[in-house]
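None of the figures in this text is laboratory data; all of them are computed from the coordinates on show. Remember, predicted model here, so these are calculated numbers, not experimental data. Don't worry about glycine lacking a Cβ; one is built from the backbone with ideal geometry, like all the others, and counts go over all protein chains shown.
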Amino acid sequence: MLALWQIAMRFGHPDFLLSPSEIARHFVEALWSGELLPHVGASLARSLPGFVVGSLIGVVLGLLAGVARNLDQLLSPVVFLTYPVPKIVFLPIVMLWVGIGDMSKIVVITLACFYPCFINAYYGARGTSTIMVWSGLNMGARRSQTFRKIVVPSALPLVFAGLRVSLALSFILLFSTEMINARSGLGFLIRQSESSLRFDLMYVAIVAVAALGYAGDQLLLLVRRRVLAWQDAASR
Amino acid sequence: MRALWSGPAVAVRRVALLGVGLIAWETAARSGWFSPLIVPSVTRIGYQLWLLATQPDSLVDAWYSLARALGGFALAAVVGVALGVLMGRSTLVAASLGPFFSGTYPIPKIALFPIFIYLFGIGSLSKVLLIFLECLYPIVITTQAGGRAVNRVLVWSAANMGASRARILRSVVIPATAPFIFAGFRIALPIAMIVVIITEMISSADGLGYLVMYSLASFKTDRMLAVVVVIALMGVALDRLVVRVRDRFVSWERLDSYYVD
């Protein structure tokens, strides 16, 4: 496909389309000139805290709601009802409350990352085999031990599925919040270079976005393989 | 304890919880601690909601958002189910398209929006196509998983009883894949809503996303919150609709309580 694209670009093209080789050249240039890296840093400084905090709260509350009936009845209806609401609409409200800076973006990303993690951890914990829990209790495990040694490991595969969705969502929200209002970051870079007709820089930023999304996903899969090595071994 | 929570008591408690939340909000708004710009009172938001529901202008905005979201979603549904079933049933198609889909899956497609604006103009087309692209992935991936999981014995028996390939596809493969297809739809529809609102916030002169940003920029936060409520209700309603349609088509298998109610 890349080859086709390159060949198609040989026969003249409008300014806003670049051939892959040109994009690659500009990418290396931007990397060396330092035009790109500060924006990458700014984006990561927004998305990582949001992702970590949001998914951590989501996983912990989801697991607890999966095992504790009181918490389940308190939290789950609210979470499941507000789940299909597009979280980006809260950006303006959050902007009003905590200001237009990085904090509003982090809060929205946190909020968006919370949901998939909560739901997956919840079903993961609820799907724990009752026989395992019973045998654990029967053999004298305390409740906290049962939770740590039985519920958490059996929920982990779903937790990772939730983390993967959250990570993708955090990137989507990061770039859209940055496109809407920001003074730095890759989303801002895309918008700014687009409006100043620097198409080379725009493509560089898009490639960087794609690379970040891909790298994040691969990293998560790597961690998953590490942590869930027993599952792959068992399913083989 | 269990009996107390089930049945109508749950509904009563939920309404009570909602009521308490609204009253707390209203008290906070009227306490004078916050500027009415930051925390507008519930009554003012309600009034703006009433205006939104009765003014033709805002109905047009809601219609634009809905049409874009559903247009992109419908396109993705048709293409995605076709591709997914093909990829699920044919190893050749799966081998040629699979790497492409799994490789580009984690890339946030929203980054392509500026290019889409240049390619397809700043109007609805660029938004609909971006929604199509974002919705396509979950639908293709879940449909493919479903197509692969079709019980072989069913396909073999149908073939044995003389069904043609088209007939097997229509009467065996598609129904067996349907639960997966609808699972994909349920992931994709909220994404369609997110993307339509985002793209309208970034660049648009109509639609609910634009209305949110416009109300904020003109310091009408009560109006902004009313629009947010409308968007939220639309998201929930569309999701309910998918569940309804799913229960219609997949009548033999109830959805296990993805929703607690």
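Numbers below:
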read-out: Cα-based Rg of the stretch B:41-249 normalised by 2.2 N^0.38 Å, two decimals; value: 1.22
read-out: Under 23 Å, Cα to Cα: Lys pairs in the protein assembly as shown, sequence gap 8 or more or different chains; value: 8
read-out: Alpha-carbon Rg/Rh ratio, for the stretch A:19-228, with Rh computed the Kirkwood way; value: 1.09
read-out: The protein assembly as shown: projected area of the alpha-carbon convex hull, averaged over directions, in nm²; value: 28.5 nm²
read-out: Calculated on alpha-carbon atoms, Rg and Dmax of the stretch A:17-87 in Å; value: 21.0, 59
read-out: Extension gain from B:Ile122 to B:Leu92, taking 0.36 nm per residue of separation minus the Cα-Cα distance; value: 7.0 nm
read-out: Contact order relative to length of chain B, as percent, for alpha carbon pairs under 8 angstrom and 6 or more apart; value: 23 percent
read-out: Separation in nanometres of the label points that stand 7 Å from Cα toward Cβ, at B:Ala74 and A:Leu197; value: 3.9 nm
